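Shown next, in structure tokens, is the structure this report addresses.
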Amino acid sequence: MTASSRSQTRQQQTIKKSVSCRGIGFITGAEIEVHFHPAHTNTGIQFQRTDQAGLPVIPALVEYCVPRQRRTALQNGECSLELTEHVLAALAGLQIDNCLVEVSGVELPGGDGSSLIFTEPLLEAGIEVQSAPRQVLVIDRQISVKNDQRMELFVRPANQAEMQIGYQLDYGPRSPIFPQVFHLSISPETFQRELAASRTFVLQDEVEALRALGYGKRTTYQDLLVYGPEGVIDNKPRFVDECVRHKMLDCVGDFALLGCDIHGYFQAYRSGHELNRKLIRQIRTEYRGELESGSRQKVA
Ligand SMILES: [Zn+2]
């Protein structure tokens, strides 16, 4: 029995029609336009930079990830794309497997710091069920990664044929962000209800440091959650535990970089994008045989 044959599979899905959104990029401050187009089975998620000569394509796979602090960037040859995690979360959360995503700049628009800027047009497009089954990798053993900043992340076999994520956020007793724990079985329904609207957060001290580096010049305290010593500044949380929900949203986006469904139980302690990518790379290495024998999109 192979790892991909002993779990319930679903059909691949795309969107019914092309839709778009636009907004300001958090890093460059540029106005960015995004067009989502339906795509054939086994295409996977492909980004296309429409502002570059030759319209280069970047597959949304961990093989194309490049090291970045606090975000997930992809690169194919000379062409890169920043801040992909929230659109990847929106697509994975809604189980849209095949989609061409045209982007008119070097980053995705930030929207309100959540994935709503993407889920809203994608839901308006509607979901089209396709003729091929979606590949699923069933985790049958524990794989764990950690780093020297006390972050840990592991995946184990799940007790259901689904992705389950548990996340423990803990920035220590002096942080204005209190410790938070959240568990969720990931499905389109739970993603939309519990995660999609949760926003990026940052500490006030970090904001000025980021601005000094040239980031976020057009981003205000209303565009994401900024925490000062007394809590959120000039904004209102959507959930009391919005931070941990957002960390889980980031996990959904980063875990999608394996290019197939994963049935397993993920447990994260303070994990971020870098550790998320490390675990997905490790899963890809350990399950290489199962992944290559299935219908996961081919890597150019
Ligand atoms: Zn995020």
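Candidates Gln160, Gln168: the one that is loosely packed, with under 14 Cβ neighbours inside 10 Å and modelled with pLDDT of 90 or more is Gln160. Scanning the stretch 240-247 for any residue that is of a type outside the set (Lys, Arg), farther than 17 Å from Leu169 by Cα, under 20 Å from the mean Cα position of the chain (by Cα) and open to solvent by less than 10 Å² (accessible area, probe 1.4 Å) turns up nothing. Among the residues of the stretch 170-218, those identified as in contact (Cβ under 8 Å) with a residue 40 or more places away in the chain, touching a strand residue (DSSP E or B) at 6+ places or on another chain (Cβ under 7 Å), outside any loop (DSSP other than H, G, I, E, B) and farther than 18 Å from Arg71 by Cα are Gln180, Val181, Phe182, Leu184, Ile186, Glu194. Among residues belonging to the stretch 248-269 that are within 14 Å of the ligand (Cβ to nearest atom) and open to solvent by 10 Å² or more (accessible area, probe 1.4 Å), point out the one that is farthest from Val136 (Cα to Cα). In this case the residue turns out to be Asp250. All conditions in (1) open to solvent by 50 Å² or more (accessible area, probe 1.4 Å); (2) among the polar types (S, T, N, Q); (3) part of a loop (DSSP other than H, G, I, E, B) hold for Ser131, with the sole exception of (3).
In the condition set (1) closer than 30 Å to Pro59 by Cβ; (2) touching a residue at least 40 places away in the same chain (Cβ under 8 Å); (3) more than 16 Å from the ligand (Cβ to nearest atom), Gly272 is compliant with all but (3). The one condition from (1) within 14 Å of the ligand (Cβ to nearest atom); (2) in a helix (DSSP H, G or I); (3) open to solvent by less than 10 Å² (accessible area, probe 1.4 Å) that Ile280 does not meet is (1).
Does Ile32 satisfy the condition of being free of Cβ contacts under 8 Å to residues at least 24 places away in the same chain and in a strand (DSSP E or B)? Lay out the reasoning, then the answer.
Numbers: free of Cβ contacts under 8 Å to residues at least 24 places away in the same chain: no; in a strand (DSSP E or B): yes.
Criteria not met by Ile32.
This table checks each residue for (1) modelled with pLDDT of 95 or more; (2) within 16 Å of the ligand (Cβ to nearest atom); (3) touching an Asp or Glu at 6+ places or on another chain (Cβ under 8 Å).
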{"residue": "Gln180", "(1), (2), (3)": "yes, yes, yes"}
{"residue": "Glu194", "(1), (2), (3)": "yes, yes, no"}
{"residue": "Ala197", "(1), (2), (3)": "yes, yes, no"}
{"residue": "Thr200", "(1), (2), (3)": "no, yes, no"}
{"residue": "Leu210", "(1), (2), (3)": "no, yes, no"}
{"residue": "Pro229", "(1), (2), (3)": "no, no, no"}
{"residue": "Ile233", "(1), (2), (3)": "no, no, no"}
{"residue": "Cys243", "(1), (2), (3)": "yes, yes, no"}
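Across the stretch 45-99, the number of residues qualifying as assigned to a helix (DSSP H, G or I) and within 16 Å of the ligand (Cβ to nearest atom) comes to 9. If the condition is being on the phi > 0 side of the Ramachandran plot and in a strand (DSSP E or B), then the stretch 226-263 contributes only Gly231.
Mind listing whichever residues of the stretch 94-113 are open to solvent by 10 Å² or more (accessible area, probe 1.4 Å) and polar (S, T, N, Q)? Listed by number, the residues that qualify are Gln95, Ser104. Looking at Glu206, Glu274, Glu230, Glu194, which is the one that is over 26 Å from Glu120 (Cα atoms), surrounded by fewer than 21 Cβ atoms within 10 Å (Cβ to Cβ) and within 18 Å of the chain's Cα centre (by Cα)? From the options Glu206, Glu274, Glu230, Glu194, the qualifying one is Glu274. Could you tell me which residue of the stretch 63-93 is farthest from Lys247 (Cα to Cα), considering only residues that are surrounded by fewer than 22 Cβ atoms within 10 Å (Cβ to Cβ) and among the polar types (S, T, N, Q)? The extreme case among them is Asn76.
The values are calculated or read from the model by the stated rules, or taken from the named source; none is laboratory data. Worth saying up front: this structure is predicted, and the values here are computed from it rather than measured. When we count neighbours, we look across all protein chains shown, and the Cβ atoms used for this are built from the backbone with ideal geometry, even at glycine. Each accessible area value is taken on the protein alone, full model and side chains, heavy atoms only, with ligands, DNA and RNA left out. Shrake-Rupley method; radii C 1.70, N 1.55, O 1.52, S 1.80 Å.
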